[in-house]
1. Rounded, prolate or oblate: which fits region 45-139, taking a ≥ b ≥ c as square roots of the Cα gyration tensor eigenvalues, rounded meaning a/c under 1.5, else prolate when a/b beats b/c?
2. State whether region 1-97 is rounded, prolate or oblate according to the following rule on the C-alpha gyration tensor (a ≥ b ≥ c being the square roots of its eigenvalues): a/c under 1.5 gives rounded; otherwise a/b larger than b/c gives prolate, and the remaining case gives oblate.
3. With θ taken as phi - 60° and the coefficients 6.51, -1.76 and 1.60, list the Karplus ³J(HN,Hα) couplings across region 58-73 in order, rounded to whole Hz; mark glycine and proline as x.
4. In the neighborhood of Arg71, defined by Cβ-to-Cβ distances under 14 Å, what is the net charge if each Lys or Arg adds +1 and each Asp or Glu adds -1?
5. Rounded if a/c is under 1.5, else prolate if a/b is larger than b/c, else oblate: which is the chain, with a ≥ b ≥ c the root eigenvalues of its Cα gyration tensor?
6. Determine, from the Cβ-Cβ distance of Asp78 and Ser114 and an R0 of 25 Å, the FRET efficiency 1/(1 + (r/R0)^6), rounded to the nearest 0.05.
7. Given the C-alpha centroids of region 111-166 and region 34-73, what is the distance between them in whole angstrom?
8. Remind me, relative contact order of the chain in percent, using alpha carbon pairs under 8 angstrom and six or more residues apart?
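Values quoted throughout were computed directly from the atomic coordinates according to the rules given, and no laboratory measurement underlies them. This is a predicted model, so every value here is computed, not measured. Cβ: placed from backbone, ideal geometry, glycine included. Neighbour counts: every protein chain shown.
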Amino acid sequence: MSATRRIARLAAWLVGLAPLEETRPVLALSWGGAIAAACFGAFVFFRVTSALWATPRPAPVPPDDPATSARFGLTASDRREIFRELAAAEPGERASAERRFAGQAWSIDDDRASGEREAVLGVAARRKLNVTVVYLVLDEGIRNKWPGPDGKPLAAAVAPLNPRAQ
């Protein structure tokens with residue numbers, strides 16, 4: 001079969017006008033396409049997940065020292081200072097969220113938590129701490145009812161999920 005005839009049959013098959021026999025070139029083309037798709041999928045997978053492999057593991061949380069009241073590798077005064085810094089940002093974040101999501105309690109809490117995450121990341125970067133340690137300090141302050149900026153403890157509850165209607 002001539003090359004022109006093969007190309008014509010392939011074109012007819014591509015537009016759905018004729019069946020294509022299982023010949024060596026057809027099998028090679030189909031296997032080649034499958035291999036190319038698998039290679040492309042592997043490339044995308046490795047490209048997307050490479051940051052997970054390249055990022056070093058965070059240092060383990062230091063053990064508690066009852067003699068000095070140090071927890072998470074921080075003294076009690078350092079932990080309270082970190083908590084005050086995070087708690088001071090909460091009223092502004094909550095007010096901003098209430099303006100954006102008036103009357104939608106779950107959305108307000110969700111947006112406030114997003115701002116809290118940014119505050120935690122900022123504190124962790126400035127103090128060169130593990131993000132987990134900063135969250136543990138925040139949790140300790142909430143559980144122990146340390147006073148927030150208004151002298152009252154931060155709320156330990158979140159609004160129940162009630163997604164917005166689209």
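1. oblate
2. prolate
3. x, 5, x, 5, x, x, 5, 10, x, 5, 10, 6, 7, 10, 6, x
4. On the way: positive: Arg79, Arg80, Arg143; negative: Asp64, Asp65, Asp78, Glu81, Asp139, Glu140.
Taking every Cβ under 14 Å from that of Arg71, the sum is -3.
5. Here the chain falls in the prolate category.
6. After rounding to 0.05, the efficiency reads 0.45.
7. 23
8. 17
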